[in-house]
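The values are calculated or read from the model by the stated rules, or taken from the named source; none is laboratory data. On a predicted model such as this, the values are computed, not experimentally measured, just so you know. Neighbour counts are summed over all protein chains in view; Cβ atoms, including those assigned to glycine, are modelled from backbone coordinates with ideal geometry. Areas reflect the complete protein model, heavy atoms only, side chains present, ligands, DNA and RNA absent. Shrake-Rupley method; radii C 1.70, N 1.55, O 1.52, S 1.80 Å.
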Amino acid sequence: MTQPDAKPAPAPAALDSRLRALLMRLYPDRDSDALTAEVLNAFWPDRTWRRRTRRPGNALWSQKDAVLITYGDSLIDGVYKPLDLLRDFLNSHMKGTVNGVHILPFFPFTSDDGFAVTDYRKVNPALGDWPDIQRIGEDFNLMSDLVLNHVSSQGTWFNAYRQGQEPYDRFFFEASPDDDLSMVVRPRTTPLLQEVETAKGIKHVWCTFSHDQVDLDFRNPEVLLEILRIIRLHVDMGVKIIRLDAVAFVWKEPGTPSIHLPKTHAIVQLLRVLADFASESVILLTETNVPKAENLSYFGQLNEAHWIYNFPLPPLILHAMLSGNAVSLSKWQRAMPPAPQGCAYLNFSASHDGIGMRPAEGLLPDEEIARMIRTVQSGGGLASMRALPDGGTAVYELNATYFSAVRKTYRGEDGMQVPRFLCSQTVVMSLEGVPAFYIHAMLGTPNDLEGVDRRGMNRAINRHRWDYPALRRLLEDPESDQSRVLTALSDRLKMRAKQPAFHPNATNFTLTVDDRVFCVWRQSIDRSQSIFALHNVSAETVELPPGALNLIADETWTDLLSGETLHPEEDGVTLAPYQCRWISNR
């Protein structure tokens with residue numbers, strides 16, 4: 001037992017030296033020894049670090065991992081706490097289907113459905129409280145949002161800033177309207193700077209997203225230290241995966257694009273060092289909705305994010321489904337590098353936001369992007385814009401549920417929405433990486449146009465709140481879209497979890513077999529299992545000739561999804577419209 005007057009154990013030398021080097025890069029004018037000690041105290045107030053760092057490896061995840069993305073109040077009934085209803089849904093319908101759950105910001109907030117946080121340390125009382133979060137974390141790997149770029153303009157921190165109270169008087173990024181801000185990259189069209197009255201006079205604060213979301217100033221190390229204390233709280237509450245929301249924007253410098261700056265990457269590297277030395281299993285996920293090369297940069301040199309979002313997937317899968325042609329999807333996947341050792345992609349098609357179009361830049365011709373937009377809009381979808389440096393605008397994202405986005409194809413409506421949608425989600429399951437599914441994808445939720453009218457925001461179309469008793473009645477009806485989608489996706493995910501060839505880091509090789517078929521070959525890390533995952537993205541029957549697949553001789557090949565024994569080398573392979581096959585040798 002430690003004596004009351006015993007000195008706390010010193011930090012491991014490797015931990016101390018890595019932190020000091022990063023802090024010297026971030027804050028060269030500060031005493032690095034003192035600041036290193038403050039970082040250690042912020043993240044480990046009880047000095048419970050590991051003695052050795054984790055080496056980059058793939059042991060923190062497996063083919064059994066899949067994540068459900070949901071708001072804390074996606075399910076409501078007017079009686080029980082939404083988090084209790086969510087827990088009931090997870091235990092009733094998601095056990096064995098997914099083992100992780102990302103609860104979108106569950107803190108008190110003022111706008112943007114949780115992403116304008118007023119208090120990082122509390123659970124929104126309209127949802128429940130920390131014990132409700134912890135109960136979910138006991139049964140599922142819990143992911144929380146670290147909204148580290150900005151806070152609510154109506155929160156405690158910003159109110160204290162306006163009153164000149166320390167330390168918050170230096171917590172927010174100030175700039176001048178005379179600064180060169182012409183290069184700043186951002187996803188919104190509102191003015192970047194907001195004029196506010198403070199106890200120290202008129203200030204202009206930086207607002208990357210909205211005027212209710214005021215950017216923090218990480219040039220002040222006190223901001224970093226407070227964020228570290230918040231991460232520690234979340235880890236202590238059972239969070240295993242930390243989603244770094246809008247992390248690309250955290251470090252700003254007038255006269256630059258203020259996105260992906262070197263010190264932004266240094267902050268991610270610092271968080272990775274802390275995660276690697278933590279006694280808990282902590283996974284960092286970066287949220288950077290940007291083109292490929294910029295997104296991949298957040299793997300760093302095996303020293304930044306464990307996982308990154310595979311942002312090109314949503315628009316490319318959608319294009320394949322609407323056009324009936326997998327060429328662009330296959331071309332992109334063929335050029336994607338495998339995730340580095342100790343890293344993985346997070347694959348998804350649907351999220352709480354819209355279908356981002358920036359990641360499609362350079363991957364799809366402009367005329368194809370325009371055609372996609374028209375097709376989705378003809379099915380009731382909407383579009384949100386972003387500002388361009390020349391003063392113009394461009395579509396930033398399509399707003400629709402993914403289920404409604406594939407209601408029509410370029411050829412119009414055909415009554416094949418459900419099989420087309422199931423095909424789109426099966427692509428997500430088949431690729432290298434960890435699959436993630438928005439609750440409204442798992443439930444085949446249609447566009448909520450009434451929600452858009454009521455709330456006055458395009459993204460409400462994809463943020464429906466289900467009346468839980470009504471949803472349960474639909475799930476009990478085997479003919480409802482909700483039951484058909486949830487049953488089929490659950491069956492496929494349960495089958496996927498048993499296949500070592502679907503480990504997030506197993507071999508992923510793209511094959512060209514037909515323009516209408518997206519095909520990848522997966523091979524387990526120990527090379528014992530091969531799976532040919534085929535997805536017919538068209539409304540046509542496709543006949544693949546004998547020899548189309550490079551099969552191992554003298555093996556028995558079975559379609560895991562249908563249970564059929566196949567002889568592709570003799571008979572070829574037939575794919576019905578939107579049919580998927582996982583052809584495995586075991």
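Residue pairs whose Cβ atoms lie under 7 Å apart, separated by 6 or more positions or on different chains, with the first residue in the range 258-277 and more than 16 Å from LEU40 (Cβ to Cβ) and the second in a helix (DSSP H, G or I) and of a type in the set (Val, Ile, Thr), are THR264/VAL247; VAL268/VAL247. For first residues located in the range 386-405 and without any contact (Cβ under 8 Å) to a residue 60 or more places away in the chain and surrounded by fewer than 24 Cβ atoms within 10 Å (Cβ to Cβ), partners that are among the charged types (D, E, K, R) and in a strand (DSSP E or B) and lie 6+ apart or on another chain with Cβ distances below 7 Å form the pairs ALA394/ARG386. Collect the residues in the range 494-524 that are touching a strand residue (DSSP E or B) at 6+ places or on another chain (Cβ under 8 Å), under 21 Å from ASP65 (Cβ atoms) and surrounded by fewer than 18 Cβ atoms within 10 Å (Cβ to Cβ), keeping them in residue-number order. Correct list: MET495, THR507.
Taking each residue of the range 425-437 that is without any contact (Cβ under 8 Å) to a residue 60 or more places away in the chain and looking for partners that are surrounded by 22 or more Cβ atoms within 10 Å (Cβ to Cβ) with beta-carbon atoms closer than 8 Å, six or more apart or interchain, yields nothing.
Total residues in the range 149-170 satisfying the condition of being surrounded by fewer than 21 Cβ atoms within 10 Å (Cβ to Cβ) and either under 19 Å from VAL247 (Cα atoms) or over 31 Å from the mean Cα position of the chain (by Cα) (or both): the figure is 8.
Out of the residues in the range 183-197 that are assigned to a strand (DSSP E or B) and touching a His at 6+ places or on another chain (Cβ under 9 Å), state the one that is surrounded by the fewest Cβ atoms within 10 Å (Cβ to Cβ). The residue in question is GLU195. Cβ separations smaller than 7 Å between residues 6+ apart or across chains give the following pairs from the range 150-178 residues that are touching a residue at least 60 places away in the same chain (Cβ under 8 Å) to residues that are assigned to a helix (DSSP H, G or I): VAL151/TRP157; VAL151/PHE158; SER152/PHE158. Scanning the range 19-33 turns up no residue that is within 28 Å of ALA488 (Cα to Cα) and assigned to a loop (DSSP other than H, G, I, E, B).
The set of residues in the range 368-385 that are in a loop (DSSP other than H, G, I, E, B) and either touching a strand residue (DSSP E or B) at 6+ places or on another chain (Cβ under 9 Å) or open to solvent by 40 Å² or more (accessible area, probe 1.4 Å) (or both) comprises GLY379, GLY381. Here LYS263 passes the criteria (1) of a type outside the set (A, V, I, L, M); (2) in a loop (DSSP other than H, G, I, E, B); (3) open to solvent by 20 Å² or more (accessible area, probe 1.4 Å) except the one numbered (2).
Within the range 344-361, the set of residues being in contact with a strand residue (DSSP E or B) (Cβ under 7 Å, 6 or more places away or on another chain) and assigned to a loop (DSSP other than H, G, I, E, B) comprises PHE348, ALA350, SER351, HIS352, ASP353, GLY354, MET357. When ALA59 is tested against the conditions (1) part of a loop (DSSP other than H, G, I, E, B); (2) small (Gly, Ala, Ser); (3) touching a residue at least 12 places away in the same chain (Cβ under 8 Å), the lone failure is (3). Checking SER351, SER328 one by one, the residue that is hydroxyl-bearing (Ser, Thr, Tyr), open to solvent by 10 Å² or more (accessible area, probe 1.4 Å) and more than 15 Å from the chain's Cα centre (by Cα) is SER328 and no other.
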